[in-house]
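Let me begin by presenting the structure, written as structure tokens, before commenting on it.
All of the numbers you see were taken from the coordinates with simple rules; none came from a lab. Since we're looking at a predicted model, the values are computed, not measured. For neighbour counting, all protein chains shown are included, and Cβ atoms are generated from backbone atoms with ideal geometry for every residue, glycine included.
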Amino acid sequence: MRFPRLSDLAADCALDWIVYGAPFDGGTTFHPGARFGPRAIRDASQYLKPASLELEVNVAECFSLADGGDSPVAPYSCSDTLDQVTSFAQGLGASSQAHLLALGGDHSISLANIRVAWERAGRPATGLAAVIFDAHLDTVDAVWGESYGHASFLRRAIEDGCIDAQRTMIVGIRGSLNTLDDLHFARERKITLVTMSQFIDDFASAERAVLEFRGRIGDAPVYISCDVDAADPSCAPGTGTPVCGGFSAAQLLGIVRRFQGAQVVGADVVEVCPARDHSANTSMLAAQIAFELLCLDAVGRRG
Ligand SMILES: [Mn+2]
């Protein structure tokens, strides 16, 4: 998006948002390749301009933003990678406590960005509110003995106390599941689920459920995570675990915009797998979503 590189700025430069990449896909259960997502999203972002027609806001006028580069990763280890991304993110814009927008990488890296967002929000005892756009629940306890994969990030973030399950909404989920345990965990913890079938049955009523949740979290600090597989494979084929029957690009962007003015304290866009992407559709959508996420906060700062 042609914003400056953090390394080109003075060390004491005050920043509101820093975008960075987490080029890791060791938490992937199916098609690997999301480690190349950050550079594809950056490429696609070249055509993005700073003003939003829909939200009537210009992000370049509302805050200062830089690209913090890519975090180091440990390709053979999810838990080591999480430690490395956490400490890299903690160092980004530490003096101005900038909000962080992470580009994945697979969904496992969100846990690191959520930890830092929670720290920068003052470690609220209740945890952060959260909005997750995803085809999957990501509440799997462990697979192949690994607790930190891309299907487990939300469960770990809730257990760590960084995310408040009762103020968490997952939008766009659809079958299939490994076991019903993932669904039971989500229900027991009182996560708000707005499934894809609800949108298909009655789009307006599902959107009202989203707005009701938006009203309920009010001005609370919120983390927004967007897995590109929330979109249908017809518009976002370049992803590791595609699920048919998802949102069109326009629908997904429209629902993201429903959170305009929310107190977004951290965000991510994950699971772009460029090797499976045709005509760069998926990275283009991911870059647009990243822009929309910044616009949500810009609306709140516009006054
Ligand atoms: Mn996911």
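Below, the figures for the structure above:
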| read-out | value |
| --- | --- |
| Segment residue 166-residue 49, extension gain: residue separation times 0.36 nm, minus the distance between their alpha carbons | 38.5 nm |
| For the range 1-78, with +1 on Lys and Arg beta carbons and -1 on Asp and Glu, the positive-most of 24, 59, 76 along the dipole | 76 |
| Rounded if a/c under 1.5, otherwise prolate or oblate - the range 1-105, Cα gyration tensor axes | oblate |
| Cα gyration tensor shape for the range 182-303, rounded if a/c is under 1.5, else prolate or oblate | oblate |
| Qualifying trypsin sites (Lys or Arg not before Pro) for the range 1-78 [loop in DSSP, other Cβ within 10 Å: at most 12] | 2 |
| Charge dipole (debye, nearest 20) of the range 6-302; +1 at Cβ of Lys and Arg, -1 at Cβ of Asp and Glu | 440 debye |
| Contour minus Cα-Cα distance for residue 125 and residue 39 (0.36 nm per residue) | 27.4 nm |
| For the range 46-88: rounded, prolate or oblate by the Cα gyration tensor [a/c cutoff 1.5] | prolate |
| Gyration tensor over alpha-carbon atoms, the chain, equivalent ellipsoid semi-axes in Å | 25, 22, 20 |
| J(HN,Hα) series, the range 122-136, from Karplus relation 6.51 cos²θ - 1.76 cosθ + 1.60, nearest Hz, glycine and proline x | x, 6, x, 4, 7, x, 7, 5, 8, 10, 10, 9, 6, 6, 10 |
| Theoretical FRET efficiency, 1/(1+(r/R0)^6), r = Cβ-Cβ of residue 179 and residue 11, R0 35 Å, to 0.05 | 0.10 |
| DSSP beta bridges in the chain [antiparallel fraction, %, rounded to 5] | 10 percent |
| Span-rule helices in the chain, defined as complete DSSP H runs reaching 27 Å or more along the axis (Cα) with Kyte mean at least -1.0 | 281-302 |
| Estimated distance in nm for a label pair at residue 31 and residue 193, the labels positioned 7 Å out from Cα along Cα-to-Cβ | 2.6 nm |
